[in-house]
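Asks: Got a structure for you, written out below as C-alpha cells; questions coming shortly.
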Amino acid sequence: HPPKLPDAAVPLILKALEELGPEGFGYEDQRWTTQRIADAIATLTKIQYSQSHMSKLLRRWGWSWQKPKRRDIRRDETAITHWQQQIWPALKKTGEGTG
C-alpha cells in the first residue's frame, strides 16, 4: 500500500507534535502514546492510523519509546541534596553504621 501521509507532510506533523506537545492537543499531561499521536495526526490531517502502525511510523521517523521517570510526589530535592552533600560524606569519614 502507498503511504497515506505524504512524505512532505511528515516534517510538519513532527514539528506540530514537538511544539504543541500533548497539552496542545487537549491532554492533561506531557505523555505521548501511540494512540495520542495517531489522534493528533487525525486532527491535523484527517488521516487515521492504528496504534500498531503508529509504532512502525514513529520508528521510521526516528522517534523512540521512552519510559517516564517515576518519582514519589513527596520527594524533597533539597533534603536529598543536603543528605548527599553533608550527611553522607560525614558518615563515610567516621565509618558510622558499619557493622
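Each value in this text was obtained by applying a stated rule to the coordinates, not by laboratory testing. Just so it is clear, the model here is predicted, and its values are computed rather than measured. Note: ideal-geometry Cβ built from the backbone for every residue, glycine included; neighbour counts use all protein chains shown.
Asks: Given the condition closer than 24 Å to LYS69 by Cα and surrounded by fewer than 11 Cβ atoms within 10 Å (Cβ to Cβ), answer yes or no: does some residue in segment 32-44 qualify?
Replies: Scanning segment 32-44, I find no residue that is closer than 24 Å to LYS69 by Cα and surrounded by fewer than 11 Cβ atoms within 10 Å (Cβ to Cβ), so the answer is no.
Asks: While we're here: All but one of (1) of a type in the set (A, V, I, L, M, F, W, C); (2) surrounded by 10 or more Cβ atoms within 10 Å (Cβ to Cβ); (3) over 30 Å from PRO3 (Cα atoms) hold for ILE73; state the number of the condition that does not hold.
Replies: (2)
Asks: Does GLY26 fit the bill of being under 15 Å from the mean Cα position of the chain (by Cα) and of a type in the set (Gly, Ala, Ser)?
Replies: Criteria not met by GLY26.
Asks: If GLY62 satisfies every condition in (1) surrounded by 11 or more Cβ atoms within 10 Å (Cβ to Cβ); (2) among the small types (Gly, Ala, Ser); (3) part of a loop (DSSP other than H, G, I, E, B) but one, which is the exception?
Replies: Just one mismatch for GLY62, condition (1).
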